[in-house]
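Student: Got a structure for you, written out below as structure tokens; questions coming shortly.
The values are calculated or read from the model by the stated rules, or taken from the named source; none is laboratory data. Quick caveat: nothing in here was measured; it's all calculated off a predicted structure. Backbone-built Cβ (ideal geometry, glycine too); neighbour counts: all protein chains shown.
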């Protein structure tokens, strides 16, 4: 697998200069920069130029994760319109880093409590597809590759993503978060697949069977099926990564983010030394 390895960076990882230096020391290829509030508006030109200069100095690339506080496919037009305004500012910001920018990652599913109802889900899907076409037109203006990430939504309820990445009029790719794919089923009391040893691989395989040709990005982390936790350091949960990487080899993934926020099931925060272990393990599979 010829894949670029990256790590997440968000507003809490300031000062960014020191964080980027640590990422370089870890021998990673890039980082995925989350544009949660107050980013990107709070960054002045000097700070943007400093980050770009560090990328060029260290030979690193950058990707972007859209803000989690916007909802571009929300069924209420007023909310979706406001979210699209923020999205345009974020895409404009990410374009400042071309050609060092790899992709722009975003979520589609809105956090709407009635989403579990079939008729509501269908309406949201149709509105979401129209928004997705608008998003890809916007992205083409900036020359940005858009990749849509699976949320904590069961596979059976994810038609919006399936339709979005299959639209012939759009050029949308897929970010496959393996923990989201597993936890979306584990946390559903009425999940049709009972949890057994290794059965979480079935959750991954059906996503790959459906979206494998469009997978460009993988978000990788360990999970605890018993405690229902994800984003754990690799080796701190219960996943078999020999089996996970074997499954991932059936995709066209080009970029992999080691999206580990917690060192263990007690949710102790990751350290750079722990991240180094994760990097080394991933490289042994690639």
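Student: Given the conditions (1) farther than 16 Å from residue 275 by Cβ; (2) under 19 Å from the mean Cα position of the chain (by Cα), report the number of the one that residue 17 does not fulfil.
Tutor: Here residue 17 clears every test but (2).
Student: Check the stretch 229-250 and report whether any residue there is touching a strand residue (DSSP E or B) at 6+ places or on another chain (Cβ under 7 Å) and at positive phi.
Tutor: Yes, the conditions are met somewhere in the stretch 229-250.
Student: Same structure, new question: Looking for something within 15 Å of the chain's Cα centre (by Cα) and part of a helix (DSSP H, G or I) - is there at least one such residue anywhere in the stretch 142-163?
Tutor: yes
Student: May I pose another question? Tell me yes or no: at least one residue of the stretch 5-14 is touching a helix residue (DSSP H, G or I) at 6+ places or on another chain (Cβ under 9 Å), over 29 Å from residue 125 (Cα atoms) and surrounded by fewer than 18 Cβ atoms within 10 Å (Cβ to Cβ).
Tutor: yes
Student: So how many residues does the stretch 61-87 have that are out of contact with any strand residue (DSSP E or B) (no Cβ under 6 Å at 6 or more places or on another chain), surrounded by 15 or more Cβ atoms within 10 Å (Cβ to Cβ) and either under 25 Å from residue 174 (Cβ atoms) or at pLDDT below 95 (or both)?
Tutor: Looking only at that region, the number is 13.
Student: Among the residues of the stretch 15-26, how many are in contact with a helix residue (DSSP H, G or I) (Cβ under 7 Å, 6 or more places away or on another chain) and either closer than 16 Å to residue 100 by Cα or in contact (Cβ under 8 Å) with a residue 24 or more places away in the chain (or both)?
Tutor: The number of residues fulfilling the criteria is 6.
Student: What number of residues within the stretch 7-25 are over 18 Å from residue 68 (Cβ atoms) and not in a loop (DSSP other than H, G, I, E, B)?
Tutor: The number of residues fulfilling the criteria is 10.
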